[in-house]
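For reference, the structure is listed below as structure tokens.
The values are calculated or read from the model by the stated rules, or taken from the named source; none is laboratory data. This one's a predicted model, so the numbers in the text were calculated from it and none came from an experiment. Here the Cβ positions follow ideal geometry from the backbone for every residue, glycine too, while neighbour counts run over all protein chains shown.
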Amino acid sequence: MSKQSFCFGSALTDLTVTTNGEAVTQIEFGKHTERLADSKLERQVENELRQYFEGQRKDFTIPIVAAGSAFNMKVWERVARIPYGQTKTYGEIAREFGNKGAARAVGAANGRNPLPIVIPCHRVVAAGGKLGGFGGGLPLKRKLLELEGSNCPELH
């Protein structure tokens with residue numbers, strides 16, 4: 001399967017989306033190609049992302065494939081289950097694994113998420129509801145959480 005990337009733009013950010021022809025394999029912040037969506041899958045991805053950024057979509061149905069270590073995959077699977085408009089702390093996710101001291105490891109795995117927005121790593125915050133880090137930058141993380149009407153204490 002050959003990889004193809006296309007650019008998606010919204011009022012909040014530009015994204016470069018890579019597919020393998022059957023699923024989305026990577027989403028990067030920024031415009032790294034001029035190519036626009038042209039396959040059926042790419043148009044579906046573009047449509048769902050547009051709906052999300054317009055506040056009309058809470059869940060994604062596009063096929064995804066995330067490659068990472070077993071630990072990363074466990075973290076991403078948990079992050080993917082955080083409901084729209086809600087947040088969890090790195091520590092809460094670490095405790096779900098039975099290791100309350102693994103908050104930094106959860107943060108590192110979250111930072112390696114190859115599919116931001118779709119696997120909503122922006123919904124993971126630091127202790128006390130502080131925004132913490134985000135690959136797209138904290139202003140974008142804040143805007144995404146505001147778009148979702150998040151329960152994040154730092155926004156209120």
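Go through Pro116, Pro120 for me and flag whichever is touching a strand residue (DSSP E or B) at 6+ places or on another chain (Cβ under 7 Å) and modelled with pLDDT of 95 or more.
After applying the criteria, what remains is Pro116.
Does Leu144 count as touching a residue at least 40 places away in the same chain (Cβ under 8 Å), outside any helix (DSSP H, G or I) and either surrounded by 14 or more Cβ atoms within 10 Å (Cβ to Cβ) or assigned by TED's automatic domain parsing to the domain that holds Gly9 (or both)?
Spelling it out, it is not the case that Leu144 is touching a residue at least 40 places away in the same chain (Cβ under 8 Å), outside any helix (DSSP H, G or I) and either surrounded by 14 or more Cβ atoms within 10 Å (Cβ to Cβ) or assigned by TED's automatic domain parsing to the domain that holds Gly9 (or both).
In region 123-132, which residues are modelled with pLDDT under 95, closer than 18 Å to Ala105 by Cβ and buried (at least 17 other Cβ atoms within 10 Å of the Cβ)?
Once the filter is applied, which keeps residues that are modelled with pLDDT under 95, closer than 18 Å to Ala105 by Cβ and buried (at least 17 other Cβ atoms within 10 Å of the Cβ), region 123-132 yields only Gly132.
Can you confirm whether Leu147 is in contact with a strand residue (DSSP E or B) (Cβ under 6 Å, 6 or more places away or on another chain) and not polar (S, T, N, Q)?
no
I need every pair where a residue in region 108-125 that is part of a helix (DSSP H, G or I) has its Cβ under 6 Å from the Cβ of a residue that is crowded, with 24+ Cβ neighbours inside 10 Å and among the aliphatic types (A, V, I, L, M), sequence separation at least 6 or different chains.
From region 108-125, the pairs are Ala109/Val75; Asn110/Val124.
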